[in-house]
Every structure is written in structure tokens, then in C-alpha cells.
Amino acid sequence: MKRTAFALVSLIILAGLPLAAQPAGAVSLDKTVASAELIRKANVSLKQLKIDIGRVEAMLGKKMEASERREYLDLMINDILFLQYCEREKISVTEAEIKQTVQQMKGQVMSSLATNPQCVD
């Protein structure tokens, strides 16, 4: 009963996603740029994609290339599919489990930095 994500994903990328190159008002921000469906259809709107990419660009301090924007859209689709897969398979975690894992990861990073300080820029 296993289904591959690729068989269930319908992806519509509008005009190669050169988002910044389009004239203002030329494309509705409510347009769907991608859809994914495992247990229900979920859309990614142009508006949400632009908001998310804007946040990433702000964190990076630079504009993303078209190929990077496409990769980011792929990540958004994968997130949707992963969450729906977990829901379908009734996989869940508690807040306490999340906090415990984050603390373990922090400890591993701090330990790594203590033993290898050259890895910090």
C-alpha cells in the first residue's frame, strides 16, 4: 500500500519562477504555484512563496537565484507531503519530545564546537 510521493504530487511551476522579474500587478498573488496531495490537496500560493522566500533572503542577506527559489518550492512541497504522511500513518510527537531532542542537538553542537573550534567562521 506504499505510494510514492512523486506519483501523488502534481506540480505547476509558473514561468520558471522568475518572481522579481514580473511587472507589478501582472500576476495575482493568490495564484497556485504548486499543489501536493497525499491525503488531501494542499496548495502553495504565489503570495506564500514570496513571503517565505523574502524571509529566507533576509536571513541570507542576499537575493536567491531562480534555481534556489525552485529548490525552496520543492522543500515546501516535501514539507506538505511529510506532514500529510505523518498524519496518515498517525505519527506524532509531544512538545516534551521536541524540547528533549532540541536540547540533545544543542548539546551535540556545543560539544562539537568545544572539540573543534575551527569550524566556526
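Every number here is computed from the coordinates shown, using simple stated rules; none is lab data. Since we're looking at a predicted model, the values are computed, not measured. Positions of Cβ are generated from backbone atoms using ideal geometry, with glycine treated the same way; all protein chains shown enter the neighbour counts.
Quick look at the values:
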{"item": "Where labels lie 7 Å past Cα in the beta-carbon direction, separation of ASP30 and GLN118 in nm", "result": "5.7 nm"}
{"item": "Within-10-Å neighbourhood charge of LYS63 [Cβ basis; K, R +1; D, E -1]", "result": "-1"}
{"item": "Residues with amide H under 5 Å from that of VAL33, placed H, sequence gap 5 or more", "result": "VAL44, SER45, LEU46"}
{"item": "Reachable lysines, given that their alpha-carbon falls under 19 Å from the alpha-carbon of LYS90 and they are not under 8 places away in the same chain", "result": "LYS2, LYS41"}
{"item": "Length gained when the stretch ARG40-GLN103 is fully extended (0.36 nm per residue, less Cα-Cα span)", "result": "19.3 nm"}
{"item": "Over the stretch 38-88, volume per residue of the alpha carbon convex hull, in Å³", "result": "76 Å³"}
{"item": "Total formal charge among the other residues, if their Cβ is under 12 angstrom from that of ILE80, Lys/Arg +1 and Asp/Glu -1", "result": "-2"}
